[in-house]
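Below: one structure, written as structure tokens.
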Amino acid sequence: MFLLFQAIFAWLAERLRDLFLWPINLVRDFPVRLARLLATLWRGVKGVVFFLPDLVNVRSVGGGNGRLSPYIQHKVGHFIDWLHQLLANLFDLIGGPEIAQFFMHLITKTTPLTGAEIAMMSSVLGSHALRYGEIRVAEGGLFNLIFKLNGNLAFATWHTINLPLNSDSQGYSHTRQNLPIVVHELTHVYQYEQIGTRYLGEAIYMLIKTKRDCYNYGGGSGLAAACSHGKKYCDFNREQQAKITQDYFYLRQAGYDTTPYEPFLQQARAGDL
């Protein structure tokens with residue numbers, strides 16, 4: 001009976017914490033979130049101002065519809081990306097992440113990061129890279145249904161990393177005991193803190209577009225080649241970014257050479273996403 005009351009008390013304490021985080025972050029993060037929104041709006045204004053002159057230039061230089069069609073497609077793609085960023089920034093500004101997490105946490109069990117997990121991620125991105133105290137690990141509950149549908153794959157939603165309790169039937173583990181996976185998901189949390197909710201849409205888009213084949217970055221040799229060609233950490237998609245930090249942690253722990261990873265980890269630590 002004591003354990004039951006203890007579990008109920010812990011659950012209620014977590015829900016109260018979630019509830020109070022909404023007004024706290026609404027105020028604390030308002031300047032950063034507003035700045036992101038204004039920057040997005042400004043990009044939209046510039047896009048509108050330069051659209052017609054660019055269109056006229058394309059028609060005069062390109063000669064007909066042969067070049068015009070790719071230009072329009074390119075601009076439509078940019079508009080969709082801009083609209084996604086605008087909606088994500090508005091969602092952040094009203095405290096949408098905190099509200100969403102409050103309701104999502106009602107159907108699962110959440111716990112804070114352990115000291116060992118914080119130390120682990122601090123060694124990868126830095127001791128002040130994340131608001132470690134706000135991050136929660138969600139396991140079990142109704143989320144088990146999601147893991148049955150998505151192949152037992154872990155995923156991150158804002159300040160929450162969602163992990164299955166058990167390995168799948170093939171023994172593939174995305175559980176909390178798989179520390180490189182924890183690093184991967186915490187990298188997504190880092191993306192959220194640096195650029196806002198847009199990270200989530202960008203990651204989902206790549207997963208759908210590539211049918212989940214969006215993690216490969218070429219390994220150490222691929223990074224060495226990318227670095228020689230001037231490619232930066234921010235040029236990789238969100239899943240590749242998380243895979244780079246995941247593999248960096250794994251290789252370092254195993255005692256392998258991580259030299260090709262170092263320039264990209266430095267850029268990640270600097271917030272160049």
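Observations
- Restricting attention to the chain, lysine pairs at least eight places apart or on different chains and with alpha-carbon atoms under 18 angstrom apart total 7.
- Of the residues Arg43, Arg238, Arg131, the one with the fewest other Cβ atoms within 10 Å heads the list, and the complete ranking is Arg131, Arg43, Arg238.
- Relative to the Cα centre, the charge distribution of the chain, modelled as +1 at Lys and Arg Cβ and -1 at Asp and Glu Cβ, gives a dipole magnitude of about 600 debye.
- Taking the Cα centre of segment 1-95 as origin and assigning +1 to Lys and Arg Cβ atoms and -1 to Asp and Glu Cβ atoms, the resulting dipole is close to 300 debye.
- Exposed-site-free run, longest, the chain (rule: chymotrypsin sites (Phe, Trp or Tyr not before Pro); DSSP loop; at most 13 other C-beta within 10 Å): 1-171
- In order along segment 262-273, phi translates into HN-Hα couplings of 4, x, 6, 5, 4, 5, 5, 5, 7, x, 7, 10 Hz, rounded to whole numbers, per the Karplus curve 6.51 cos²θ - 1.76 cosθ + 1.60 with θ = phi - 60° and x for Gly and Pro.
- The alpha-carbon atoms of segment 1-105 define a convex hull whose volume equals 102 cubic angstrom per residue.
- In this simple spin-label approximation, Val32 and Gln177 carry label points 7 Å from Cα along the Cα→Cβ vector, and these lie 3.5 nm apart.
- Kirkwood-Stokes translational diffusion coefficient of the chain, alpha-carbon pairs, 20 °C, 1.002 mPa s, µm²/s: 103 µm²/s
- Phi-based couplings in Hz for segment 43-53 (Karplus 6.51, -1.76, 1.60; Gly and Pro marked x): 4, x, 4, 5, x, 5, 4, 8, 5, 5, x
- Positive-pole candidate from Leu113, Leu149, Ile135, dipole of the chain, charges at beta carbon: Leu149
- Taking label positions 7 Å along the Cα-Cβ direction at both Leu145 and Asn166, the computed distance is 1.9 nm, reported to one decimal.
- Relative contact order %, segment 1-95, counting alpha carbon pairs below 8 Å whose residues are six or more apart: 46 percent
- Shape analysis of segment 109-194 yields a ratio of the Cα radius of gyration to the Kirkwood radius, Rg/Rh, of 0.96.
- Gain in span if fully extended, Trp42 to Ala224, counting 0.36 nm per residue against the direct Cα distance: 61.9 nm
- Taking only the C-alpha atoms of segment 107-269, the Rg (one decimal) and the largest Cα-Cα distance, Dmax (whole number), read 15.4, 47 Å.
- Computed from backbone phi with θ = phi - 60° and the Karplus coefficients 6.51, -1.76 and 1.60, the 3J(HN,Hα) list for segment 201-218 is x, 5, 5, 5, 4, 5, 4, 6, 4, 9, 6, 6, 9, 10, 9, 6, 10, x Hz; x is used for glycine and proline.
- The length gained on full extension between Arg15 and Ala116, counted as 0.36 nm times the residue separation minus their Cα-Cα distance, comes to 34.0 nm.
- Asn162 long-range amide H proximity, modeled H, under 5 Å: Ala138, Phe155, Ala156, Thr157
Each value in this text was obtained by applying a stated rule to the coordinates, not by laboratory testing. Note that the structure is predicted; figures quoted are calculated from it, not measured. Neighbour counts run over all protein chains shown; Cβ positions are idealised from the backbone, glycine included.
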